[in-house]
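Worksheet: the structure to be examined is printed underneath.
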Amino acid sequence: MTVCLAHMTALRYWRAVRCGLIPAPRAARSTLPTKTNRSEISALRSVPWIQTISGDLIHVAVSQRKGVRNVPGTACHCLLGSPAAKKLMRIDCGALVVSPEAVFLHLAGFLHFEALALIAFELCGTYSLTPDGSGFMPAEPITSVASLSAFVSSASSFPGSARARKAIRFALDNSASPAESRLVLLLCAKQTLGGYGLPLPKMNRRVNVVGEGRKCAAHKYYVLDLFWENARLDVEYDSDAFHASAGGIASDAERRNALAAMGYRVVTVTNTQISSADAFDDVARVIAHALGFRIRHTSKAWSQRRFALRCGLGAAQRVV
């Protein structure tokens, strides 16, 4: 079979792999097909798991513009000149799929900055959205920010590469949830994009419990959600589930006391604060002060850009 999955179908395929719903692909030396083959697409539709990842359309890729065919229920994309053609994987049914890096670059020509940045966080993080985007599961990273950046740099003339570079600039490895990814973007996106322009943290960095901290906690280490090492600042995202329970409250108190004893400052951000622009503004200023960063924007233009960024991230959550 010479069909090659691309675009959103390829993204959903990789999500299904990361969620353990279908087997992982293997390396292939094949090249992109030159044209759309109707009979092979029909054969692909009979594969049991295809409905899980296809959505409204099955997106496929070809290497030549004259090979693009109008096939009902199929969107055909020409990847002429893209490095995607050099990095294909073979699926168990015999079809091909483009690499995660190629998926990211390809989608950059179609998606807004916010959706693209969230995909970068997801591909490089320790979680994956489900194929339909309705939830997420723990998963091993499938690429890295460095790999995405190198791939995009190799295709500077490909449509969407400029937007891809902008999204990568604010992406980080090791995000553990979509909420953590959105939190980083809200805090660290440039002010011209509606963010606060704070320096990027490290995500989910392990810190060993030493010294006075040992008197406060039985744990040997903690994993800090957003960590600015130079400022010894830990920003924790508190989900509504675990942290509201009695056990969660006790665990949070132990953690905060141990980190404080070691000289770290802990700032907690809740889902309620993220959901409110005014409440988030207050917590962002607390974080900025702890970093020694002065927030200067008060203009109406920035407020409009902030609104657009928040709307974009909310819409992206539904799209991807």
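The values are calculated or read from the model by the stated rules, or taken from the named source; none is laboratory data. None of these values were measured; they are calculated from a predicted model. So basically every Cβ, Gly included, is an ideal-geometry build from the backbone, and we count neighbours across all protein chains shown. For the accessible areas, the whole protein counts, side chains as well, though only heavy atoms, and no ligand, DNA or RNA atoms are used. Shrake-Rupley method; radii C 1.70, N 1.55, O 1.52, S 1.80 Å.
Per-structure values
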{"read-out": "Bins of 5 Å, starting at 0 and running to the largest distance - Cα pair percent for the range 88-134", "value": "5, 18, 22, 27, 19, 8, 1"}
{"read-out": "For the chain: relative contact order, % (alpha-carbon pairs under 8 angstrom, 6 or more apart)", "value": "15 percent"}
{"read-out": "Residue-normalised accessible area of the chain, expressed per residue, 1.4 Å probe, Å²", "value": "46 Å²"}
{"read-out": "Amide H partners (placed H, <5 Å) of L96, local residues excluded", "value": "V3, C4, L5, I91"}
{"read-out": "Vicinal HN-Hα couplings computed from phi for the range 64-80 (Karplus, 6.51 cos²θ - 1.76 cosθ + 1.60; Hz; Gly/Pro x)", "value": "10, 4, 6, x, 6, 10, 7, 10, x, x, 10, 10, 9, 10, 8, 9, 4"}
{"read-out": "Solvent-accessible area of C93 with every protein chain in place, 1.4 Å probe, in Å² to the nearest 10", "value": "40 Å²"}
{"read-out": "Label-point separation, D132 to D56 (7 Å along Cα→Cβ), nm", "value": "1.6 nm"}
{"read-out": "Length added when fully stretched, A260-R169, from 0.36 nm per residue minus Cα-Cα", "value": "29.6 nm"}
{"read-out": "Over 26 Å (Cα to Cα) - which of K190/K220; K202/K300; K66/K86; K166/K202; K66/K166; K87/K202 fall in this group", "value": "K190/K220; K202/K300; K66/K166; K87/K202"}
{"read-out": "Prolate/oblate/rounded label for the range 123-230 (Cα gyration tensor, a/c 1.5)", "value": "prolate"}
{"read-out": "Virtual spin-label span in nm between S30 and A146, 7 Å along Cα→Cβ", "value": "3.1 nm"}
{"read-out": "Residues D282 and S46, FRET efficiency given R0 of 51 Å [Cβ-Cβ distance, rounded to 0.05]", "value": "0.40"}
{"read-out": "Sequence-separation-based contact order of the range 120-244, relative, with Cα cut under 8 Å and 6+ spacing, percent", "value": "18 percent"}
{"read-out": "Nearest-0.05 FRET efficiency for K220 and K86, computed from C-beta distance (R0 56 Å)", "value": "0.80"}
{"read-out": "Förster-model FRET efficiency, 56 Å R0, V267 and V71, C-beta, rounded to 0.05", "value": "0.60"}
{"read-out": "With DNA, RNA and ligands ignored, accessible area of T34 (1.4 Å probe; Å², nearest 10)", "value": "70 Å²"}
{"read-out": "Accessible-area composition of the chain, carbon plus sulfur, in percent [1.4 Å probe]", "value": "52 percent"}
